[in-house]
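First up is the structure itself, then whatever we jot down about it.
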Amino acid sequence: MTPILIAALSVLAQGEAVALKYGVEKAPKDRLYAESKLAVSIKGSEQLTNFVRSMHPFLSMEKLIVRAEGSHAMSGLGRHRYEYEEARVEARYDDEDLELDYQKGLPPEGLDQNKTKQIMWYMAAGGRNYTLQENGAYRSDDPNQDQNGEAMDLIALGIVRMPERAVKEGDAWESAWTGERTEKGKTGRYKYVQKLKVEKVELKNGKRHYTIAGELAGKVDGPKDPTAEEAWTKCDGTTKTVLEAETGRIVSAEGSGKVVIYFRNVAETGGKQELTLTFEVAGKMQAK
């Protein structure tokens with residue numbers, strides 16, 4: 001194929017509107033490189049800060065980074081699995097810097113004696129497992145995931161809500177929906193709004209690759225906490241996803257953002273106490 005013909009086909013690909021959707025059929029495995037990053041910060045009165053840290057060891061994880069090589073498989077019905085074969089895991093826990101090299105099926109000696117390294121190992125060994133419908137409706141396989149875990153996944157995995165109409169380069173749309181997840185014993189769910197735009201369309205190996213940029217914002221909608229003067233939970237993030245139009249294959253996806261939980265009330269002593277809990281997340285996936 002001559003350079004002139006390739007250029008002409010690229011122009012045609014950019015100008016033609018296409019109905020975008022994620023693939024949901026069984027597909028061959030892709031090799032992939034994946035990154036995930038998490039940072040946790042807690043600011044506020046000493047009493048509330050100590051209480052939150054005592055709820056789970058994970059809340060003392062100041063930083064967690066996983067860089068992994070492996071595969072991405074689709075088994076049909078929109079079911080996705082990221083399986084990591086090797087990874088480098090870095091963490092900062094309780095003011096201590098830790099590192100761990102993961103190889104599938106080969107846990108390091110002494111792993112059972114270090115709870116922090118167990119978390120690090122699990123983050124690599126667990127990979128990613130989720131269901132993604134054609135329109136971008138997402139659900140993790142983790143039955144214990146709450147609304148904040150859902151929001152962080154949407155950001156870090158670069159999940160896109162697909163348009164209800166055919167789109168071409170330069171087109172923009174907005175989607176709004178209610179999240180599925182909620183905290184155990186509570187009813188609050190995220191109300192999400194995502195603004196999206198097709199930044200560019202490229203022709204690669206005879207397939208059209210759509211680069212979709214997104215901005216996600218959300219706030220948990222639910223009953224007011226009777227013990228709080230003010231309390232809210234919000235998320236926001238930016239994403240960029242490259243989708244192969246003909247197959248719905250995810251070529252690459254990335255995102256970064258945060259979830260912020262705020263609480264303020266009056267202590268038994270009469271003074272005000274407040275807490276801000278922030279989860280900063282980022283992720284990247286690149287098919288090879």
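Magnitude of the charge dipole for the chain, about its Cα centre and with charges confined to Cβ atoms of Lys, Arg (+1) and Asp, Glu (-1), is about 800 debye.
Cross-link pairs exceeding 19 Å in C-alpha to C-alpha distance, out of LYS21/LYS240; LYS43/LYS117; LYS29/LYS288; LYS168/LYS200; LYS43/LYS63; LYS186/LYS219, comprise LYS43/LYS117. For region 34-75, the square roots of the Cα gyration tensor eigenvalues, ordered a ≥ b ≥ c, give a/c of at least 1.5 with a/b greater than b/c, which places it in the prolate category. Between the C-alpha center of region 237-288 and that of region 176-206 there is a gap of 12 Å. Taking the Cα centre of region 234-288 as reference, the dipole from Cβ charges on Lys and Arg (+1) and Asp and Glu (-1) amounts to some 60 debye. Dipole size of region 123-207 about its Cα centre, with +1 on Lys/Arg Cβ and -1 on Asp/Glu Cβ: approximately 120 debye, rounded to the nearest 20.
Shape verdict for region 24-149, please, from the Cα gyration tensor: rounded (a/c under 1.5), prolate (a/b greater than b/c) or oblate. Note, shape of region 24-149 comes out oblate. So how tilted is helix 3-15 from the main axis of the chain? Cα-based, degrees 0 to 90, rounded to 10. Between helix and principal axis, roughly 60 degrees.
No lab work stands behind these numbers, since they all come straight from the coordinates. Since the model is a prediction, treat every value here as computed from it, not as a measurement. Note that we place each Cβ from the backbone using ideal geometry, even for glycine, and neighbour counts take in every protein chain shown.
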